[in-house]
Amino acid sequence: MNTIIIAIVSVTVIGLVCSVLLSVVSKLMHVEVDERVILVRSLLPGANCGACGYSGCDRYAAALVEGAAQPNICTPGGADLAKQLSSIMGLEDGGVVRRMAMVHCLGDTETKRAKMEYTGMNTCRAVKLHFGGQNACAFGCVGFGDCLKVCPSDAICIEKGLAHIRPRQCSGCGLCVKACPYDLISVENASVAVAVLCKNTEKGAVLKDKCQVGCIGCMKCVKECPADAIQANDFLAVIDYAQCTGCGKCVSVCVKKCIIGF
């Protein structure tokens, strides 16, 4: 009986000592949290999409309160959220920076050549593991809709084996960017005037046999751009939006029509 009593007393004492230690440590290591961070976080959509440039809503809320971020960069939240955050931070409401996703591919079932018939799982990630995909062009959209499945705004549709973005519905959250295993989707400011809708970096002679609308690296857009805003990297035209004036010259001279204007 004495052994049982001793055991009970010992466990009780150990528990009391541990609780006291935990209480002391919690006070010593306590970090004050600005109430505005909690308020801002409660207003954010919670998508943790990264469209704002931060790793998630928690980090953006902290950065905003610290003065390291602007209140108008959460595109999923829209203009109403930007107004609320500006009010909390005592800043002038500058409206939200509108952003939208774009698919850098124009090759549908009518313009791209298939190299095999795929009968596996209907996901883009799965088909990529199967020799890069069913299309001859291993850089293009395979159309199984991994991006569509994660889109919270119903802004993506699949037509003729190619993903399309509905600009008016797109919130620019960026979830589709993470879902695409081919790295074909980017989120850009809605103010961009032109875009190269191709990601193939093969030589033009090789690409022509695979896709009718892919960039062949002919350099015409590079030569004709008056702002020196386009370069050809690995046989693929790339636009520097910091220099692009939106003149549309590249759109008019593109022989494959893979540069489009908005």
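For the reader, a short list of remarks on this structure follows.
- Restricting attention to region 228-246, the residues that are farther than 17 Å from N189 by Cα and either open to solvent by less than 30 Å² (accessible area, probe 1.4 Å) or touching a residue at least 24 places away in the same chain (Cβ under 8 Å) (or both) add up to 6.
Yes/no matrix, rows are residues, columns are (1) at pLDDT below 95; (2) touching an Asp or Glu at 6+ places or on another chain (Cβ under 6 Å); (3) of a type in the set (A, V, I, L, M, F, W, C); (4) surrounded by 15 or more Cβ atoms within 10 Å (Cβ to Cβ):
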{"residue": "M100", "(1), (2), (3), (4)": "yes, no, yes, yes"}
{"residue": "T119", "(1), (2), (3), (4)": "yes, no, no, no"}
{"residue": "C124", "(1), (2), (3), (4)": "no, yes, yes, yes"}
{"residue": "F131", "(1), (2), (3), (4)": "yes, no, yes, no"}
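- Any hit, region 64-85, residues being in a helix (DSSP H, G or I), free of Cβ contacts under 8 Å to residues at least 24 places away in the same chain and surrounded by 18 or more Cβ atoms within 10 Å (Cβ to Cβ): yes
- Exclusive hit being within 11 Å of the chain's Cα centre (by Cα), hydrophobic (A, V, I, L, M, F, W, C), surrounded by fewer than 21 Cβ atoms within 10 Å (Cβ to Cβ) and closer than 23 Å to A237 by Cβ, set V177, V192: V177
- In region 247-259, the residue that is most open to solvent (accessible area, probe 1.4 Å) out of those that are at pLDDT 95 or above and touching a strand residue (DSSP E or B) at 6+ places or on another chain (Cβ under 6 Å) is V251.
- Inside region 214-227, residues that are in contact (Cβ under 8 Å) with a residue 24 or more places away in the chain, open to solvent by 50 Å² or more (accessible area, probe 1.4 Å) and within 23 Å of G140 (Cα to Cα) make up a count of 2.
- Taken together, C151, C147, C141 contain a single residue that is crowded, with 22+ Cβ neighbours inside 10 Å, of a type outside the set (A, V, I, L, M) and closer than 28 Å to A205 by Cα, which is C141.
- Residue list for region 154-171, filter: open to solvent by less than 40 Å² (accessible area, probe 1.4 Å) and farther than 23 Å from T201 by Cβ: A155, I156, C157, C170, S171
- Taking (1) free of Cβ contacts under 8 Å to residues at least 60 places away in the same chain; (2) open to solvent by less than 20 Å² (accessible area, probe 1.4 Å) in turn, G107 satisfies each apart from (1).
The values are calculated or read from the model by the stated rules, or taken from the named source; none is laboratory data. Quantities reported herein were computed from a predicted structural model and do not represent experimental measurements. Note: ideal-geometry Cβ built from the backbone for every residue, glycine included; neighbour counts use all protein chains shown. For accessibility, only protein heavy atoms count, side chains too; no ligands or nucleic acids. Shrake-Rupley method; radii C 1.70, N 1.55, O 1.52, S 1.80 Å.
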